[in-house]
């Protein structure tokens with residue numbers, strides 16, 4: 001059983017978080033999602049959803065997957081040295097790291113993506129130019145490099161989460177999940193029509 | 001500006017709610033989502049997401065869209081006469097009603113779907129047999145009948161929400177939203193491979 005440590009902040013993108021949470025949370029013998037923020041308490045998404053979170057100080061540093069969403073809130077956090085220091089520590093200790101959308105920019109800022117392949121939101125792709133040490137992949141629904149998974153924008157987090165489930169528990173388990181939520185899973189991580197729009 | 005009155009209960013399905021919330025909530029000049037439950041306070045989804053809600057008594061009965069998700073919690077609510085009485089009142093006064101997954105079963109139980117076309121989760125389709133007055137459509141991603149939209153299971157709520165946006169604000173607005181969240185919108189409400197699986 002993995003704990004899925006999900007880092008929230010005001011202005012996180014709603015679906016970045018709750019798409020993957022839907023998929024991992026259904027597999028409740030394998031994963032349990034906990035939502036954290038710097039200070040704990042109520043955190044609001046960009047779409048004004050108030051979610052109850054625990055403070056980062058309560059994270060149990062054992063056997064966990066770190067999940068980092070994107071959203072407008074990342075624009076401020078990318079300059080928040082205290083937050084980034086915490087994020088780096090939690091990232092180093094994680095078994096796996098999953099980022100969605102501009103969550104990969106936050107992870108890049110810790111330096112832990114240097115030399116690794118990664119992707120991000122296609123509308124925000126210009127942001128990647130600030131991190132030339134990362135091997136950014138423009139055309140990708142999601143990218144895996146070792147224990148780090150990064151996804152493209154918002155809804156891509158669901159496809160990545162299913163890909164992660166396939167890697168952990170086998171393709172059939174992931175496929176069954178996708179059918180149960182009636183989702184047309186993009187199984188091929190290189191599927192990315194959106195990379196050609198922007 | 002419409003308020004999107006979203007009715008939550010313990011055991012709601014996470015993505016049923018937050019898929020449509022992502023789509024409607026991004027259009028923040030047109031829609032504002034508020035989350036309600038019978039008593040207010042923290043409500044947990046089936047995937048254990050704790051969300052802060054307002055009590056039903058605080059619903060402002062003006063110019064609102066009612067959103068009713070599904071999830072395991074509906075199994076109990078479908079026999080909860082007090083909840084159903086409230087749901088019926090809020091449904092009668094709504095400009096539009098959007099249900100996701102087994103949310104349509106709750107609405108059927110109020111009698112307000114009698115004589116109307118509707119759909120629901122394909123895995124739970126047998127449940128529709130208890131409501132013979134409803135014109136259930138098996139093969140449909142979502143169904144519109146007048147001011148009532150019902151969707152198929154879980155992720156189908158996103159396609160329905162985009163269809164609703166298209167009806168309200170035009171196809172181009174909906175399409176742009178789908179691209180911004182990098183979502184492969186199923187634009188055709190009759191697209192439904194899942195109806196042939198169960």
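Given the condition under 13 Å from the mean Cα position of the chain (by Cα) and part of a helix (DSSP H, G or I), answer yes or no: does some residue in the stretch A:24-39 qualify?
Restricting attention to the stretch A:24-39, the residues satisfying the condition of being under 13 Å from the mean Cα position of the chain (by Cα) are A:24, A:33, A:35.
Filter once more, so that each one left must be part of a helix (DSSP H, G or I): A:24.
Yes, because at least one residue in the stretch A:24-39 is under 13 Å from the mean Cα position of the chain (by Cα) and part of a helix (DSSP H, G or I).
Out of the stretch B:40-55, which residues are in a strand (DSSP E or B) and either touching a residue at least 40 places away in the same chain (Cβ under 8 Å) or farther than 29 Å from residue B:130 by Cα (or both)? Lay out the reasoning, then the answer.
So in the stretch B:40-55, the residues in a strand (DSSP E or B) come out as B:41-45, B:50-55.
Hits for the stretch B:40-55 are B:41, B:42, B:50, B:51, B:52, B:53, B:54, B:55.
Looking at residue A:187, is it more than 9 Å from chain B (Cβ to nearest Cβ), outside any helix (DSSP H, G or I), surrounded by 15 or more Cβ atoms within 10 Å (Cβ to Cβ) and at pLDDT 95 or above? Walk me through it before giving the result.
Numbers: more than 9 Å from chain B (Cβ to nearest Cβ): yes; outside any helix (DSSP H, G or I): yes; surrounded by 15 or more Cβ atoms within 10 Å (Cβ to Cβ): yes; at pLDDT 95 or above: yes.
So residue A:187 passes the test.
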Note to self: Going residue by residue through the stretch A:4-14, is there one that turns out to be touching a helix residue (DSSP H, G or I) at 6+ places or on another chain (Cβ under 8 Å), assigned to a helix (DSSP H, G or I), facing chain B (nearest Cβ under 10 Å) and more than 20 Å from residue A:94 (Cβ to Cβ)?
What the structure shows: yes
Next item on the list: Quick one: count up the residues across the stretch A:175-184 that are within 10 Å of chain B (Cβ to nearest Cβ) and assigned to a helix (DSSP H, G or I).
Entry: 3
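Would you mind stating whether residue B:172 is within 11 Å of chain A (Cβ to nearest Cβ), over 18 Å from the mean Cα position of the chain (by Cα) and surrounded by fewer than 19 Cβ atoms within 10 Å (Cβ to Cβ)? Steps first, answer last, please.
Numbers: within 11 Å of chain A (Cβ to nearest Cβ): no; over 18 Å from the mean Cα position of the chain (by Cα): yes; surrounded by fewer than 19 Cβ atoms within 10 Å (Cβ to Cβ): yes.
It is false that residue B:172 is within 11 Å of chain A (Cβ to nearest Cβ), over 18 Å from the mean Cα position of the chain (by Cα) and surrounded by fewer than 19 Cβ atoms within 10 Å (Cβ to Cβ).
Name the residue that is farthest from residue B:191 (Cα to Cα), counting only residues in the stretch B:122-142 that are crowded, with 23+ Cβ neighbours inside 10 Å and modelled with pLDDT of 95 or more.
Here is the first cut: in the stretch B:122-142, the residues crowded, with 23+ Cβ neighbours inside 10 Å are B:122, B:134, B:140-142.
Checking the rest, the ones that are also modelled with pLDDT of 95 or more come to B:134, B:140-142.
Details: B:134: 21, B:140: 6, B:141: 6, B:142: 9 Å.
Step by step, filter the stretch B:122-142, then rank; the result is B:134.
How about the stretch A:56-167: which strands (runs of 3 or more DSSP E) wholly inside it have at least 1 residues that are under 21 Å from residue A:15 (Cβ atoms) and within 14 Å of another protein chain (Cβ to nearest Cβ)? Step through it out loud before you land on a result.
Values: elements: A:64-68, A:96-99, A:142-145, A:148-151.
Of the strands (runs of 3 or more DSSP E) lying wholly inside the stretch A:56-167, those with at least 1 residues that are under 21 Å from residue A:15 (Cβ atoms) and within 14 Å of another protein chain (Cβ to nearest Cβ) span A:64-68, A:142-145, A:148-151.
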Note to self: For the stretch B:40-63, which positions are surrounded by fewer than 21 Cβ atoms within 10 Å (Cβ to Cβ), at pLDDT 95 or above and closer than 27 Å to residue B:1 by Cα?
What the structure shows: B:40, B:41, B:42, B:52, B:54, B:55
Next item on the list: Return yes when residue B:71 is crowded, with 24+ Cβ neighbours inside 10 Å and either without any contact (Cβ under 8 Å) to a residue 40 or more places away in the chain or out of contact with any strand residue (DSSP E or B) (no Cβ under 6 Å at 6 or more places or on another chain) (or both) and no when it is not.
Entry: no
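The values are calculated or read from the model by the stated rules, or taken from the named source; none is laboratory data. Treat the numbers as computed from the prediction; the structure is a model and nothing was measured. Cβ: placed from backbone, ideal geometry, glycine included. Neighbour counts: every protein chain shown.
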